[in-house]
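The values are calculated or read from the model by the stated rules, or taken from the named source; none is laboratory data. Since this is a predicted model, take the numbers as computed values, not measurements. FYI the Cβ positions are ideal-geometry reconstructions off the backbone, even for glycines, and counts take in every protein chain you see. Heavy atoms of the whole protein, side chains included, go into the accessibility calculation; ligands, DNA and RNA do not. Shrake-Rupley method; radii C 1.70, N 1.55, O 1.52, S 1.80 Å.
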Amino acid sequence: GKDAKNASANFKDLSDKLDGAASKMQKLSALMIGSLASGFSAAALKGVQFNAQMEQYTATFETFTGSAEEAANTMDRLLELGAQTPFETTDLADATQLLMAYGFTADEAVNSLTMLGDASQGNAEKLTSIATGFARMKSSGKVTLEYLNLMIENGFNPLNQVAEDTGMTMAEIYDAISDGAITFEQVQSAMQKMTSEGGQYFGL
């Protein structure tokens, strides 16, 4: 009888411990489920916002191009480029909009992004400035220090390559810019060389 009483007490103690553990597990499960649900909700909201933004970009590109098909194709190319580079798709879409606002076709804009992205060394803020300088030169057909400084101040100086291509000194190049003797095509060619294989900024 005494052994049975002791055994009963031990079983009761074990039962209490199990009940306590079960209660803690229930609370932990509730916390985990709540955290997961919150995480899923945040992810879902972020996904909805991203899709809405992509639709907005697509609508803008359709306005620029006049073609829903070309707009969708442009967005697909930007999504692919965004997956392959340090840039967010939104950074690339903003840069594309900027270029198209200055008269680039969708094709020209997207084809320029790798060059401009390398020139900006993967930095979104630098990409905007360098793309602005590039777009203004192409749009106006003029190479000015104002436009070039948007690149130079962000760590990319195409004049170094222009000097190498022409054999001119930097002082002579600055004089030529003042005289309107340096063309957009020369600067564009220099940028392409600097960001192509073998160039200082290739793959940045």
(message) Anything in segment 163-204 that is under 21 Å from GLY122 (Cα atoms), in a loop (DSSP other than H, G, I, E, B) and not charged (D, E, K, R)? List them, or say none.
(response) SER196, GLY198, GLY199, GLN200, TYR201, PHE202, GLY203, LEU204
(message) It is to be established whether one or more residues within segment 46-57 are closer than 27 Å to GLU185 by Cα and either of a type in the set (Lys, Arg) or in a helix (DSSP H, G or I) (or both).
(response) no
(request) Provide a single number: the residues in segment 111-127 that are crowded, with 17+ Cβ neighbours inside 10 Å and within 11 Å of the chain's Cα centre (by Cα). (result) 4
(request) Filter segment 134-152 down to the residues that are in contact (Cβ under 8 Å) with a residue 40 or more places away in the chain and part of a loop (DSSP other than H, G, I, E, B), then identify the one that is most open to solvent (accessible area, probe 1.4 Å). (result) LYS142
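Each row is one residue, and each column tells you yes or no for (1) open to solvent by less than 30 Å² (accessible area, probe 1.4 Å); (2) modelled with pLDDT of 90 or more; (3) of a type in the set (Asp, Glu); (4) in contact with a Gly (Cβ under 6 Å, 6 or more places away or on another chain).
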{"residue": "GLN56", "(1), (2), (3), (4)": "no, no, no, no"}
{"residue": "ASN73", "(1), (2), (3), (4)": "no, yes, no, no"}
{"residue": "LEU78", "(1), (2), (3), (4)": "yes, yes, no, no"}
{"residue": "LEU92", "(1), (2), (3), (4)": "yes, yes, no, yes"}
{"residue": "GLN97", "(1), (2), (3), (4)": "no, yes, no, no"}
{"residue": "ALA106", "(1), (2), (3), (4)": "yes, yes, no, no"}
{"residue": "ALA109", "(1), (2), (3), (4)": "yes, yes, no, no"}
(message) I'd like the residue in segment 93-128 that is of a type in the set (S, T, N, Q) and not in a helix (DSSP H, G or I) and, out of all such residues, is farthest from GLN186 (Cα to Cα).
(response) ASN123
(request) Identify the single condition in (1) crowded, with 21+ Cβ neighbours inside 10 Å; (2) touching a residue at least 40 places away in the same chain (Cβ under 8 Å); (3) farther than 15 Å from SER189 by Cβ that ALA131 does not satisfy, given that it satisfies every other one. (result) (2)
(message) Please verify whether GLY155 is open to solvent by 20 Å² or more (accessible area, probe 1.4 Å) and either farther than 21 Å from LEU98 by Cβ or part of a helix (DSSP H, G or I) (or both), treating the condition exactly as stated.
(response) no
(request) Any residue in segment 158-176 that's small (Gly, Ala, Ser): show its pairings with residues that are in a helix (DSSP H, G or I) at Cβ separation under 7 Å, as long as the two are six or more apart or on different chains. (result) ALA163/MET170; ALA163/ILE173
(message) Out of everything in segment 153-199 that is acidic (Asp, Glu) and within 23 Å of the chain's Cα centre (by Cα), what residue ends up being farthest from THR128 (Cα to Cα)?
(response) GLU197
